[in-house]
Every structure is written in C-alpha cells, then in structure tokens.
Amino acid sequence: WQSLVPTESTSGYRYTNPQTQHELKRLIHEVVQPLGPALKQIPAPRNDIAYYESFAAQVFARRGTYGWNGYWLGDAHQMLQWAGLQTDVVFDESIQQHGLDQYKVLFMMDCDVVTESIIKEIKAFQQRGGIVVADEHVAPGVKPDLVITSYRRTGNAEQDKQELQKKALELRQSLAGKYERYLDSSNPDVIPYSRRGKAADCLFVVSDRREFGDYVGQHGRVMENGLPAETTLTLNRPTGHVYDLVLHQPVSVKQAGGKQKAGIQLAPGAGGIYLVTDQPVSGVTVKVPEKLKRGESGTVALSVGDPQGQPVSAVIPVEVTIEDAEGRLAEFSGYRAL
C-alpha cells in the first residue's frame, strides 16, 4: 500500500518500485477488467502431477515452507515451474480424501516422515504405474523412481537460479519418455500454465528473465530488473487456432508431429494470455431491435462465429457498448464473456 500512495508512516513495507501504481493501473485496465468475466468461467485444470507436503515431516523433522515458500521445499516447487511442470499441491488430507488416481507423477521433497496411511497410498500409486520423484531426505519406507538432490541457497540470486535451473533441466531429462506435457516452453525463463476446456484451452505465460538492477541488485541477493524474453510454446493438440487475448490478435502457429508450435515474445516483466479454439474466429454478429421507445425493453444478442456462421465453442471475452440516441453510455455496457 505504501508503494502505491503517499502515507505519513515511515515504517513497514514502504517501497518496491515507483512505477508500481502505474503498472497496477495498466494491468487492471488491460487484463483484469477485460478478461476477468471470461477467466472466471474457464474451469481450473485437472492436473496430473502432485506436489506433496508432508505434515508429519513438518512436525517431526522441522521441514516445510512455514507459509512463505522458503527453504528447499519452496525452491523445488520453483524448479518444477522452470521445468515446465504444472502441479497440484496436495496434503495428507488431500490424499486421504481423494487418493492419487488422477496423477501420473508424485513429487516428495522434504518428506523425511510420512504417516502409515499415506505410505500405503503411495505404494498403491506406484503399483498402478505412477512415478515418484523424491530427494535424499525421503522416508525409508518410500522407494522413489527418480531422485533429485536437494539444494541450499547461497544468497547469491544469480548463482542460485542457475543451479536450480540446472536441476530443472536434470528433471526434464529424467522424465523424458516417461511423462509428456500438454503445454511446454522452450525457454525455462518463460513459465507456462494452461486451463483446459472441452473444446478450447486458455494458456498463460510469465517471463522470469531478470538481471541485477540499480535498486537492490548491487547486493547480489535479488535480480529485480526484468528483461525481454522469447520462447516457443508447444501445445500437445493436433489442431487449433491461437489468439492473444491481451494484444487482441491471432498468433501464427506451425503444426508438426501432431503438435502445435507458436513463437512468443514478451516485454520485460510481462506475461501473456492466449485462447486456443478448434474453430477460427471469423466475425461478430450483433442482433438488436430496430427501434425501442422509452420504457420498452429489448434483447441484444451477440455471437462470435466461425466461417460457417456457427458460434465458436469457447468462452470468449467481449466488450459491449450500448449507447442511447444521444450517445450516452447505457446500462448493461461493459466487459462480458460469451
């Protein structure tokens, strides 16, 4: 708050960047408001990778993130993002209530202690063909399929990032041929994430390419200056049409080997949101009453269609502007989802 507006207080979390207020305003006007109604209707993904946090290990072995994602358990989750792996974080209650049937890979970092009931679930998971990836701390009752050695930060941000990204590459190579991503990024500094619908997907990317700046970079602990980034996104679906929802334009896509590839460029500290549809977007059809007198009601019908005139099967963000006879903005104007 104190980085956004002037305050009398000089204590507390006072300063991040003087441009924060302007960037927040841009995000609200260009992303949150236009895309919010649509994003709220696109279902969350059904991920097939689980990242387990053992409560028993937190209590008896003093492991865990303690709510702020620090230590190796937090760094390992960051490592998975650099490896392009999209996960659900699961706890003892999650596994006891829902099991592990939906997952193909289970990560167990800092799991020195695991309860007997969870061990049974994990063994059943492996017997079904599930892959367990753990570090050297894993409880003796678990026999992991892959082992990734833990890493302790040195305090030098650049060195620590390089070492964790090396582990991300090691993990990627170890899973090659055993697990296939639905969405992948050729650049580990561009983090991919997807939501999948019945006919359309929504893809998200965030740039993590950074260098030391002149705010706190001289101390070597935070790489706070964003850099431009580019990547090739690979989507594991044979066909589709990709649209940039922030820049409002189609994205060029190449098809190869039953997959789609798209080149993406991001500004410093930026992200992207893309819609992938089975049908191409050809145009917008608007149906309105020819005349409406004061006090009468009418229906405004909108449809985003393909070249055959059929509605595109996707949740699509639109901006609706309704004006009265004198050009004044009328009720029901605003951002909507079709």
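Values as computed for the structure displayed
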{"read-out": "Solvent-accessible surface (1.4 angstrom probe) belonging to residue 326, in square angstrom, nearest 10", "value": "140"}
{"read-out": "Order by protection proxy (mean Cβ within 10 Å, highest first), peptides 233-241, 274-282", "value": "274-282, 233-241"}
{"read-out": "Pair residue 300, residue 178: separation of 7 Å Cα→Cβ label points (nm)", "value": "5.5"}
{"read-out": "Accessible heavy-atom area order of 121, 230, highest first, probe of 1.4 Å", "value": "230, 121"}
{"read-out": "Length-normalised contact order for the range 156-311 - Cα pairs under 8 Å, 6+ apart - percent", "value": "20"}
{"read-out": "P(r) histogram, all alpha-carbon pairs of the range 84-204 included - 5 Å bins from 0, percent", "value": "2, 9, 17, 20, 19, 16, 11, 5, 1, 0"}
{"read-out": "For the range 62-73, Karplus couplings with θ = phi - 60° (6.51, -1.76, 1.60), whole Hz, Gly/Pro x", "value": "6, 8, x, 9, 6, x, 10, 6, x, 6, 5, 4"}
{"read-out": "Choice from 60, 125, 204 with maximal GNM fluctuation in the chain (Cα, 10 Å cutoff)", "value": "60"}
{"read-out": "The chain, dipole about Cα centre (Lys/Arg Cβ +1, Asp/Glu Cβ -1), debye to the nearest 20", "value": "560"}
{"read-out": "Partner aspartates and glutamates for residue 291 [C-alpha distance under 18 Å; skip if fewer than 8 residues away on the same chain]", "value": "323, 324, 326, 331"}
{"read-out": "The range 1-157, relative contact order [Cα under 8 Å, separation at least 6], %", "value": "20"}
{"read-out": "Long pairs among 40/293; 178/254; 161/198; 25/166; 123/161; 166/259, criterion Cα-Cα beyond 30 Å", "value": "40/293; 161/198; 25/166; 123/161"}
{"read-out": "Furthest towards positive pole of dipole, 127, 147, 188, structure part the range 110-221, Cβ charges", "value": "127"}
{"read-out": "Electrostatic dipole magnitude of the range 92-190 [Cβ: Lys, Arg +1; Asp, Glu -1; Cα centre; debye, to 20]", "value": "300"}
{"read-out": "Accessible area per residue in Å² at 1.4 Å probe, computed on the chain", "value": "59"}
{"read-out": "Charge dipole (debye, nearest 20) of the range 251-320; +1 at Cβ of Lys and Arg, -1 at Cβ of Asp and Glu", "value": "60"}
{"read-out": "Normalised contact order of the range 256-307, rounded percent, pairs of Cα under 8 Å and 6 or more residues apart", "value": "35"}
{"read-out": "Estimated vicinal HN-Hα couplings, Hz - the range 77-86 in sequence order (Karplus 6.51, -1.76, 1.60; Gly, Pro = x)", "value": "5, 5, 4, 5, 5, 5, 7, x, 9, 9"}
{"read-out": "Over the chain: helical MRE at 222 nm, DSSP H runs n ≥ 4 each giving -39500 (n - 2.57), nearest 500", "value": "-6000 deg cm²/dmol"}
{"read-out": "Interchain or long-range residues, amide H under 5 Å from residue 88's placed H", "value": "49, 50, 51"}
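The values are calculated or read from the model by the stated rules, or taken from the named source; none is laboratory data. Note that the coordinates shown come from a computational prediction; the quantities given were computed from them, not determined experimentally. No Cβ is skipped: glycine too gets one built from the backbone with ideal geometry, and neighbour counts run over all protein chains shown. Each accessible area value is taken on the protein alone, full model and side chains, heavy atoms only, with ligands, DNA and RNA left out. Shrake-Rupley method; radii C 1.70, N 1.55, O 1.52, S 1.80 Å.
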